[in-house]
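A short worksheet on the structure shown next.
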Amino acid sequence: MQLPSEAFYTKMNPEIQKAYEKLAKKYSLPAFEAVNHELELSTIENTDFLLREMRHKLIERIDFFAKLIEEQLHPEGASFSSLNESSDFPESEKKKIYLLYKKLMFFIRMGIETAVENDDKDIADYFNAAFNAWQELKKELSAYTAKLKDSWAKDIEYKADLGYMG
């Protein structure tokens, strides 16, 4: 199999890393490589409002998992997969999942709060706090997503409850 030519790969704008390093020095941000690995900063096209773009990418990443958890905590009206997965979690685990959900929502709302004024210092403070917390939250999320995956490996008989059809 032949791999696509280099033309298919997006090359990082070298100005992104330079602009990041400048911001990192000013606001004590984490290493570029770590942030780029998590949030794909290299996909950002220009350096205007880089901190805002970083905030947006971090909120987007956290929100993805918050929505996943929300479907488990409140499966009514959710997808079939959410209903199935939710049934695999006892109430004691759902309480732990809710605590994880609260942490995620806190950082989402904290980021949104910084969007009101768009002050670079506030955004950088948010980014440092949320990105550092994210490193710990990932451990909890990893265990949670493994449980979701494992719920599909069980041999459970499908029971259709079609209810009233009209």
Just to be sure I understand the filter: pairs with C-beta atoms under 9 Å, separated by 6 or more residues or on different chains, first member in the stretch 121-145 and within 25 Å of E93 (Cα to Cα) and assigned to a helix (DSSP H, G or I), second member modelled with pLDDT under 95 and polar (S, T, N, Q). Which pairs pass? Y144/Q72
Taking the stretch 40-99 and keeping residues surrounded by fewer than 17 Cβ atoms within 10 Å (Cβ to Cβ), hydroxyl-bearing (S, T, Y) and farther than 25 Å from Y27 by Cβ leaves S79, S81, S87, S92, Y98
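Here is a check on your reading of the model: is F127 on the phi < 0 side of the Ramachandran plot, at pLDDT 90 or above and not hydroxyl-bearing (S, T, Y)? Give the derivation first.
Values: on the phi < 0 side of the Ramachandran plot: yes; at pLDDT 90 or above: yes; not hydroxyl-bearing (S, T, Y): yes.
The answer is yes for F127.
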Does the stretch 90-103 contain any residue that is modelled with pLDDT under 90 and in a loop (DSSP other than H, G, I, E, B)? yes
If you go through the stretch 69-77 one residue at a time, do you hit one that is more than 16 Å from A124 (Cβ to Cβ), within 15 Å of the chain's Cα centre (by Cα), of a type in the set (A, V, I, L, M) and part of a helix (DSSP H, G or I)? yes
Quick check: is even one residue across the stretch 71-78 under 17 Å from L141 (Cβ atoms) and not aliphatic (A, V, I, L, M)? yes
Return the pairs, sorted by first residue and then second, in which the second residue is surrounded by 18 or more Cβ atoms within 10 Å (Cβ to Cβ) and small (G, A, S), the first residue lies in the stretch 45-60 and is at negative phi and at pLDDT below 95, the beta carbons are less than 6 Å apart, and the residues are 6+ apart or on different chains. T47/A19
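The values are calculated or read from the model by the stated rules, or taken from the named source; none is laboratory data. Remember, predicted model here, so these are calculated numbers, not experimental data. Methodologically, a virtual Cβ is constructed for each residue, glycine included, from the backbone with ideal geometry; neighbour enumeration extends over all protein chains shown.
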